[in-house]
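Here the structure is laid out as structure tokens; the discussion comes afterwards.
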Amino acid sequence: MRVEENKPLAPYTTFGIGGPARWFATATSEDEVVEAVDWARQRGVPLFVLGGGSNLLVSDAGFDGFVVHVALRGVSVADGGIYQVAAGEMWDEFVERTVRAGDAGLECLAGIPGTVGGTPVQNVGAYGQEVATTIVAVRAFDLQAYEFVELSNAECGFSYRKSRFNTVDRGRFIVTRVDYQLKAGGAPSIHYSDLKKVFAEGSEPSLDEVAAAVRKIRQSKGMLLVDGDADCRSAGSFFKNPVISDEHYARIAATSAAQPPKFSAEPGKVKIPAAWLIEQAGFAKGYALGNAGISSKHTLALINRDKATAAEILALKERISAAVREKYSIELEMEPVKLGF
Ligand SMILES: Cc1cc2nc3c(=O)[nH]c(=O)nc-3n(C[C@H](O)[C@H](O)[C@H](O)COP(=O)(O)OP(=O)(O)OC[C@H]3O[C@@H](n4cnc5c(N)ncnc54)[C@H](O)[C@@H]3O)c2cc1C
């Protein structure tokens, strides 16, 4: 493992924003993961685990600690059709492989950037699927116990964009492998309205066709990484969809011209799209504040229009959050992880 100093982090993020890491190394094996942990411990410096940098906003000053870039590779198929995938594999390439093999369960998650190791962290989801449904185990180095552990699905504590990895045990585990149980020869999932519009009732599209449709929809929303498209210089959705009480929703509906959209959540609550709230609060696609902006294709994505700083992104976030708070008494929650603030 080679430790570099003052390594620029912006090129390791999809935002393309942020200063350097004081120290930086790439781990390509579990031994190197432990080596990185030891290196940081011996020097008493904070450790940050970097995957594909697609859910990350790095501060302009950078990170005064040690960044370990997880780059372990390898995919194997174990008994029972369980894929065991090293954390540094690129997520979309893995999805493509499963779709080609005719194994159902991830086809709606095509086109999401980042690594396999990043997927359990925020329970990645899109178009009616989330990884919590297919993950059967996560292998990780537990910094607290100083040993490798294998966590079952139940032990990961998954919920909407959450797991123990980004809540109660943030920073405790370095994921090195994720196991997914897929359904050989299974039918694709077509539950999301955008997909239902593409495939007529009763049609039987292949996994491949559904994954291709998902990529196409994602591209139309700037949610697919496409070279030269400024609308995807983002961290994907910047805000989570708030979950509010039925009463709160009713109060919003009573003052709205049209019925606000909603999705089901736990009993007594509904999920209301953050994009709708933002638009109603006066922000449109393409809105700009300095070099930061809202994607011209999707209200939920804040983008780096050109050489934006992290401070500019956060200023825009604050402006949007304040307007939504003022109008609806809802506190928008940021989805990407902040580093070095
Ligand atoms: C254009 C675009 C579209 C997107 N669309 C979606 C979407 O539809 N649905 C969705 O859920 N997300 C979406 N995202 C967000 C992002 O792609 C996912 O959250 C992805 O899983 C992040 O993985 P990563 O490897 O890039 O993680 P990073 O951004 O590198 O890290 C994110 C967090 O995970 C932690 N982490 C990463 N790897 C590991 C590891 N091996 N062990 C422990 N912790 C780790 C980091 O420490 C950090 O806290 C999108 C992003 C972009 C840019």
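Of the residues that make up region 17-33, is at least one free of Cβ contacts under 8 Å to residues at least 24 places away in the same chain, more than 13 Å from the ligand (Cβ to nearest atom) and either out of contact with any Pro (no Cβ under 8 Å at 6 or more places or on another chain) or not assigned by TED's automatic domain parsing to the domain that holds GLU89 (or both)? Taking every residue of region 17-33 in turn, at least one turns out to be free of Cβ contacts under 8 Å to residues at least 24 places away in the same chain, more than 13 Å from the ligand (Cβ to nearest atom) and either out of contact with any Pro (no Cβ under 8 Å at 6 or more places or on another chain) or not assigned by TED's automatic domain parsing to the domain that holds GLU89 (or both). Inspect all residues belonging to region 20-40 and state whether any of them is within 20 Å of ALA235 (Cβ to Cβ) and surrounded by fewer than 21 Cβ atoms within 10 Å (Cβ to Cβ). Looking for residues that are within 20 Å of ALA235 (Cβ to Cβ) and surrounded by fewer than 21 Cβ atoms within 10 Å (Cβ to Cβ), one finds at least one in region 20-40, hence yes.
Across region 236-250, which residue is surrounded by the most Cβ atoms within 10 Å (Cβ to Cβ) among those that are in contact with a helix residue (DSSP H, G or I) (Cβ under 9 Å, 6 or more places away or on another chain) and of a type outside the set (Ser, Thr, Tyr)? It comes out as PHE238. Right, GLN259: away from the ligand (no atom under 16 Å from the Cβ), farther than 24 Å from PRO11 by Cα and modelled with pLDDT of 95 or more or not? So GLN259 fails the test. Cβ-Cβ contacts under 7 Å between residues 6 or more apart (or on different chains), taken from a first residue in region 292-320 that is crowded, with 18+ Cβ neighbours inside 10 Å to a second residue that is assigned to a loop (DSSP other than H, G, I, E, B) and among the acidic types (Asp, Glu), are listed as ALA310/ASP60. Taking strands (runs of 3 or more DSSP E) as the structural unit, those lying wholly within region 249-341 and holding at least 1 residues that are among the charged types (D, E, K, R) correspond to 269-271, 337-339. Considering ALA104, ALA132, ALA61, the condition of being in contact (Cβ under 8 Å) with a residue 12 or more places away in the chain, more than 8 Å from the ligand (Cβ to nearest atom), surrounded by fewer than 24 Cβ atoms within 10 Å (Cβ to Cβ) and assigned by TED's automatic domain parsing to the domain that holds ARG22 is satisfied by ALA61 alone.
ARG172 falls short of the stated requirement of being in contact (Cβ under 8 Å) with a residue 24 or more places away in the chain, in contact with a Lys or Arg (Cβ under 6 Å, 6 or more places away or on another chain) and of a type in the set (D, E, K, R).
The values are calculated or read from the model by the stated rules, or taken from the named source; none is laboratory data. Just so it is clear, the structure is predicted and the values come from calculations on it, not from any experiment. A quick note on method: Cβ atoms are made from the backbone with ideal geometry, for glycine too, and the neighbour counts reach across all protein chains shown.
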